[in-house]
Amino acid sequence: MGQEDTYRRMKNSQDIHNQWAFSSEDLEDRLALTLSPPSARPRPPPPLLPLPLQPALHQPRPQLQPTKSPEPMISPPPPHHPFYIPTLVTGPPTPTQARQELVPSRPLRTRRNPPKVRRSGNSEVITPPYPWATNHRATVHSLHNLLSMGIHTIFGEVKCKKCEHQYEMEFQLESKFIEVASFIATKKSTMHDRAPREWTHPLLPTCRYCEQVNSAKPIIDRKKKMINWLFLLLGQMLGCCSLEQLKYFCKHTKNHRTGAKDRVLYLTYLGLCKQLDHTGPFDR
């Protein structure tokens, strides 16, 4: 019995010594790890996060917070507009009134080009004012028809600018027309669609009474339908007409009537000559 107890005590003391030895070595290792620089310490790898299989298509809706009761809104002042007339309202405006105030009323616009109504006196068919005129405005018979009707002389009224005598003057139809037609055939290429000075400032006949040169001015009727166009053509005195009267001729003969007077006068000469002889060199 005494030997067994001695053996047990010796074994226990050896086990305690071994445990203390392991504890001292473990303590030294821990101290060495603690005192070592931080760069030398191995860092644990970051945790791997699982990748999402599909991107989120819809974000979660934010939770709706309870709304507060809306405060009464004060209507803004009406906009300043030249056609706006403010109205005095004692109470809050109704939705219909608010809409009417925001949209200003527009004034009624009149048409710029009202429909033209032909007056009863503006018919294209009229009573011929002269034997050589037709029943259409600003139109004369052809030279062939006039000669076949026995009309060889064209007359008209003139008035002297000096002695103021008013009398009737006549021109020979065929000879005077040949004179005008020859002038056009000779100088048409140099006119450039403009009346020459001989037409814009015509040389008037000499007065029969006082014998004043360049004095017998033709009397042009105020009514445009009564203008003696053939008499003015043969005397080359169409330049005495106003621009308005020349435009009247071009209007009723379907000619271009805009532009300066020399252009409209040029078209009037060519238009009348073409009425007398449509085969002549009187095209534009």
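Nothing in this text is a laboratory measurement; each read-out follows from the coordinates by a stated rule. If you're wondering where the values come from, they're calculated on a predicted model, not measured in any experiment. Backbone-built Cβ (ideal geometry, glycine too); neighbour counts: all protein chains shown.
Could you work out the local net charge near Q212, counting Lys and Arg as +1, Asp and Glu as -1, over the other residues with Cβ closer than 15 Å to its Cβ?
Details: positive: K159, K161, K162, R208, K217; negative: E164, E211.
Result for the neighbourhood of Q212: +3.
May I ask you to order 164-173, 247-256 by the average number of other C-beta atoms within 10 Å around their residues, highest value first?
My ranking of the peptides, most packed first, is 247-256, 164-173.
Arranged from highest to lowest average of other beta-carbon atoms within 10 Å per residue, in what order do the peptides 185-193, 138-146 appear?
Highest-to-lowest ranking by the protection proxy: 138-146, 185-193.
Please work out the C-alpha center-to-center distance from region 150-216 to region 249-276 and express it in whole Å.
18
Contour minus end-to-end for E157 and E179, with contour as 0.36 nm per residue of separation and end-to-end as the Cα-Cα distance?
Length gained, E157 through E179: 5.8 nm.
Through the Karplus equation 6.51 cos²θ - 1.76 cosθ + 1.60, θ set to phi - 60°, convert the phi angles of region 150-160 into ³J(HN,Hα) values in whole Hz; use x for Gly and Pro.
These are the phi-based 3J(HN,Hα) values: x, 8, 10, 10, 10, 10, x, 9, 10, 9, 6 Hz.
If we count other beta carbons within 10 Å of each Cβ, what is the order of I154, I220, fewest first?
Ascending number of Cβ neighbours within 10 Å: I220, I154.
Note down the relative contact order for region 134-266 as a percent, whole number, built from C-alpha pairs under 8 angstrom at least six residues apart. The partial results should precede the final answer.
Values: 163 pairs, mean separation 37.8, N = 133.
Across region 134-266, relative contact order equals 28 percent.
Return the subset of K188/K274; K223/K274; K225/K247; K188/K217; K225/K251 for which the Cα-Cα distance in this structure is over 20 Å, preserving the input order.
K223/K274; K188/K217
Mind checking which of T186, L232, P205 is farthest towards the positive end of region 113-233's charge dipole, using Cβ charges of +1 (Lys, Arg) and -1 (Asp, Glu) about the Cα centre?
L232
For a footprinting-style exposure proxy, rank I126, I219 by other Cβ within 10 Å, fewest first.
Listed from fewest to most nearby Cβ atoms, that is I219, I126.
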